[in-house]
Amino acid sequence: MAFDTVQQARQSECAYVDIHCHNANGIQTLEVLSIDTLDFDPTTTNNRFYSLGLHPWYIDRQDIQTALKKIASCDGDSKLLAIGECGLDKTITTPLSLQTEVFNAQIKLAEQLGKPLIIHCVRAYNELIQLKKSGNSTEIGWIIHGFNANPALADQLIKHGFYLSFGAALLNPCSRAGQALLETPQNRLFLETDTAELAIDAIYAAAAKMLGVDVATLRQQILDNFKRVFLND
């Protein structure tokens, strides 16, 4: 069951929330489909909530100004809930200076539209923190998607006001995601499927077990976080 309007989302209770996905999962879920500006067509949202952004991987495949105008043109679309994914990645060949320029432009758009940021960050957390510290706006949420780094970094990001979103890595006992999850206050927590071929309820079950809470309690907490950050409630 999908939620067709923002009002339905506001009135929902204990729904699963998937803040970053590329495929619809079909169960009662508040899903935010992730769409890159390169592929954006309003019909591809299938009337679902979505995020829209210029991913650092695809900067060199499209005209930057055209991409930014696509995002800005969605101002007023109640289905657009976030900007991204966007961010910084030191493992690609695109110069970090250009990535930073593009990311800064999307930060400004997010602030103008009053939308949270869904952030892709690889080996550039120091730069990311500096960008957040240098900004003037504290009104929008900065969410690191697919977080799978050490607990010390999780703690540092939390102290600087970030939210952390965890995904399929929670099901891998060898990953650091589970330890980082335990360092994340539940009011700063989100869960996601990203590109994983599994339903969001499996990730909730794994997270709830690690946190020592029941799934219903965790669902309500993340729903509350979602309403506060994405719906400005």
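The values are calculated or read from the model by the stated rules, or taken from the named source; none is laboratory data. Just so we're clear, the structure is a prediction, and the values are computed from it rather than from any experiment. Because the Cβ atoms are built from the backbone with ideal geometry, glycine has one as well, and the counts that use them run over all protein chains shown.
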Inset, instruction - Tell me, please, whether a residue that is without any contact (Cβ under 8 Å) to a residue 12 or more places away in the chain and either farther than 28 Å from residue 166 by Cβ or in contact with a Pro (Cβ under 8 Å, 6 or more places away or on another chain) (or both) can be found in the stretch 9-19. - result: no
Inset, instruction - Just name the residue that is surrounded by the fewest Cβ atoms within 10 Å (Cβ to Cβ) out of those in the stretch 47-64 that are touching a Leu at 6+ places or on another chain (Cβ under 8 Å) and without any contact (Cβ under 8 Å) to a residue 24 or more places away in the chain. - result: 61
Legend entry - Pairs, first free of Cβ contacts under 8 Å to residues at least 12 places away in the same chain in the stretch 198-210, second surrounded by fewer than 18 Cβ atoms within 10 Å (Cβ to Cβ), C-beta under 8 Å, six or more apart: 205/215; 208/214; 208/215; 208/217
Inset, instruction - Starting from residues that are of a type in the set (D, E, K, R) and within 18 Å of the chain's Cα centre (by Cα), keep the ones in the stretch 78-99 and report whichever is surrounded by the most Cβ atoms within 10 Å (Cβ to Cβ). - result: 85
Inset, instruction - Working carefully through the options 181, 218, 164, 170, find the one that is assigned to a strand (DSSP E or B) and surrounded by 19 or more Cβ atoms within 10 Å (Cβ to Cβ). - result: 164
Inset, instruction - Quickly run through the stretch 66-118 and pick out the residues that are in a helix (DSSP H, G or I), within 15 Å of residue 38 (Cα to Cα) and in contact with a Pro (Cβ under 8 Å, 6 or more places away or on another chain). - result: 102
Inset, instruction - Test residue 25 against the stated conditions and say whether it is part of a loop (DSSP other than H, G, I, E, B), surrounded by 15 or more Cβ atoms within 10 Å (Cβ to Cβ) and at pLDDT below 95. - result: yes
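Only one of 117, 38, 96 is touching a strand residue (DSSP E or B) at 6+ places or on another chain (Cβ under 7 Å) and more than 17 Å from residue 162 (Cα to Cα); which?
One residue alone meets the criteria, 96.
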Inset, instruction - Tell me, please, whether a residue that is touching a residue at least 12 places away in the same chain (Cβ under 8 Å), crowded, with 22+ Cβ neighbours inside 10 Å and aromatic (Phe, Trp, Tyr) can be found in the stretch 132-143. - result: yes
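For every residue, the table says whether it meets (1) farther than 19 Å from residue 146 by Cα; (2) in contact with a Leu (Cβ under 7 Å, 6 or more places away or on another chain); (3) of a type in the set (Ser, Thr, Tyr).
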| position | (1), (2), (3) |
| --- | --- |
| 77 | yes, no, no |
| 85 | no, no, no |
| 90 | no, yes, no |
| 94 | yes, no, yes |
| 98 | yes, no, no |
| 103 | no, yes, no |
| 113 | yes, no, no |
| 118 | no, no, no |
